[in-house]
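Contents: one structure, followed by commentary.
The values are calculated or read from the model by the stated rules, or taken from the named source; none is laboratory data. Given the structure is predicted, the values throughout are model-derived calculations rather than measurements. Cβ sites come from the backbone with ideal geometry, for glycine too, and all protein chains shown count toward neighbours.
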Amino acid sequence: MGDRASAGATCSIRRPAAGLIEKPKTIYVLLAFVAAAAGFTWLHKRDFSLWWLEDLPVYAHALREWLAGRSPYNAELSPLYFLYPPAFLYVAGWLSYLVPTGIGAYVYVGVNIVAVCAIPVVMARYFFRLPWMGPLLALLVFLAEPRFTAMLALCGMNVASLLYCIAFVAAIPGLKRNRWELFYGAVFLAGITKITFLALLLLPLLIGKRQWMRSILCGAAVVGTNLAEKIFLPDLYKGYQWSLVQAILVQRHYGYGVFGVLAFYEDKWHHVVGKGPYAVAGAMALAIVVGLFLLRRRLELRGTFEGNGVWVALVLMAVVLVNPREMQYDVDIALLGAFVVFVVALKVRWPLAWMVVWFLPCLVVPRVINSPILYGVYETVLVLTAFGLGYWRLWRGTAEGLADSLQG
């Protein structure tokens with residue numbers, strides 16, 4: 001009886017804490033959509049044409065050139081380059097035969113829009129599973145992130161958003177029943193398109209159970225495919241490597257992350273990118289991964305591992321943070337996780353109010369930073385801050401729980 005009474009007391013203490021976060025009314029969320037549309041128009045009315053459907057002509061040109069027997073890695077669309085390995089061409093070429101001639105671009109645009117809009121809904125329902133974050137609020141937060149990062153990804157039409165959506169949907173059986181087979185297939189497809197997608201393997205390793213061997217095999221399959229391309233398709237693979245050098249090193253397009261910022265400034269000051277940015281980014285990625293495995297162990301000991309939305313948000317942020325070249329279609333994923341961590345860790349009662357607080361500074365950033373390459377600095381700082389805050393809160397909570405268990 002005493003144990004039941006103490007358990008009931010514990011529940012009665014915790015419920016009000018969870019209730020501090022109120023689910024916004026639908027009408028307020030819809031009004032926020034209207035305000036966000038106005039903010040988007042004001043913030044991006046001058047540069048909208050620069051990134052509208054930016055990547056679509058690159059895909060279309062590369063596929064058309066390759067099917068015609070020419071190199072898809074030429075510089076005809078410079079300063080834009082086709083940055084995907086030969087495997088992407090074979091998959092895209094096969095898919096193109098399934099679509100009637102002349103409507104391939106329209107199908108791709110439609111599928112990409114559905115994928116981008118589905119990402120926050122899937123994450124809210126199956127990843128975070130928080131009562132205050134419904135599908136509509138998740139979509140609002142995602143599309144109206146600081147500087148409208150997800151909107152930039154949506155309008156840019158990069159294939160990464162589609163691959164993220166496929167991977168997250170495929171992860172649902174893993175989240176529910178620890179069945180990750182479909183997810184590994186999705187990661188393989190994404191990895192042979194962009195090898196940085198291998199960071200998604202942190203999901204089964206940190207959220208699933210006993211997934212080491214399958215994750216290693218999936219990663220080895222991606223690496224093996226890249227090696228096979230280099231051996232059996234040498235001309236195409238050389239063109240792929242040349243495009244990467246042109247787009248990233250020559251044009252100094254290093255991305256949003258820590259590596260991107262350090263590389264940009266080192267290039268600016270010394271006209272070359274040395275080992276420093278690589279070392280710092282590598283050390284940070286290693287620290288994040290090791291730190292998460294240590295934290296997972298503590299969560300398991302306390303019994304707060306299953307269904308922990310903040311923990312899942314940390315893992316999703318880690319997937320992006322370990323990526324050396326973060327782009328808007330990567331950072332938008334991490335920002336949604338960061339929003340969840342901020343609201344829960346800071347015990348924010350009204351999520352919509354917090355959304356305004358973390359959005360407003362982004363209206364100033366483009367006016368202060370002249371380089372468009374560094375526009376993502378504010379978003380990266382938000383993700384790093386949220387990761388540190390969420391990690392600290394979970395670590396402190398597990399420490400308290402471990403102390404209680406030792407005393408008991």
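Can you tell me how many residues in region 298-338 are in a helix (DSSP H, G or I) and under 23 Å from K176 (Cβ atoms)? So that I can check it myself, show each step before the final result.
Step one: list which residues in region 298-338 are in a helix (DSSP H, G or I), which gives 298-302, 309-321, 328-338.
From what's left, under 23 Å from K176 (Cβ atoms): 299-300, 302, 309-319, 333, 336-337.
Residues in region 298-338 being in a helix (DSSP H, G or I) and under 23 Å from K176 (Cβ atoms): 17 in total.
Looking at region 220-242, is at least one residue surrounded by 22 or more Cβ atoms within 10 Å (Cβ to Cβ), touching a residue at least 24 places away in the same chain (Cβ under 8 Å) and touching an Asp or Glu at 6+ places or on another chain (Cβ under 7 Å)?
no
Which ones in region 111-130 are touching a residue at least 60 places away in the same chain (Cβ under 8 Å) and surrounded by fewer than 17 Cβ atoms within 10 Å (Cβ to Cβ)? Before the answer, list the steps.
At the first step, the residues of region 111-130 found to be touching a residue at least 60 places away in the same chain (Cβ under 8 Å) are 119-120, 123, 127-130.
Correct list: R129 only.
With a cut-off of at least 2 residues that are of a type outside the set (V, I, T) and under 17 Å from the mean Cα position of the chain (by Cα), name the helices (runs of 4 or more DSSP H) lying wholly within region 95-206.
104-122, 135-143, 149-156, 159-170, 181-191, 202-206
Going residue by residue through region 295-308, is there one that turns out to be in contact (Cβ under 8 Å) with a residue 40 or more places away in the chain, within 13 Å of the chain's Cα centre (by Cα) and crowded, with 18+ Cβ neighbours inside 10 Å?
No, because not a single residue in region 295-308 is in contact (Cβ under 8 Å) with a residue 40 or more places away in the chain, within 13 Å of the chain's Cα centre (by Cα) and crowded, with 18+ Cβ neighbours inside 10 Å.
Listed here are the residues, each with its yes/no results for (1) under 23 Å from Y329 (Cα atoms); (2) part of a helix (DSSP H, G or I).
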| residue | (1), (2) |
| --- | --- |
| L249 | yes, yes |
| G255 | yes, no |
| F259 | yes, yes |
| K268 | no, yes |
| A283 | no, yes |
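When you go through V58, V114 one by one, which is the residue that is at negative phi and touching a Phe, Trp or Tyr at 6+ places or on another chain (Cβ under 6 Å)?
Values: V114 fails: touching a Phe, Trp or Tyr at 6+ places or on another chain (Cβ under 6 Å).
Within the list V58, V114, the selection yields V58.
Taking into account only those residues within region 252-300 that are in contact with a Gly (Cβ under 8 Å, 6 or more places away or on another chain) and aliphatic (A, V, I, L, M), which is modelled with the lowest pLDDT?
Ranking the qualifying residues of region 252-300, first place goes to L262.
Against the definition (surrounded by 19 or more Cβ atoms within 10 Å (Cβ to Cβ), of a type in the set (D, E, K, R) and either more than 19 Å from V29 (Cα to Cα) or within 22 Å of the chain's Cα centre (by Cα) (or both)), how does R46 come out, yes or no? Full working, then the answer.
Values: surrounded by 19 or more Cβ atoms within 10 Å (Cβ to Cβ): no; of a type in the set (D, E, K, R): yes; either more than 19 Å from V29 (Cα to Cα) or within 22 Å of the chain's Cα centre (by Cα) (or both): yes.
Criteria not met by R46.
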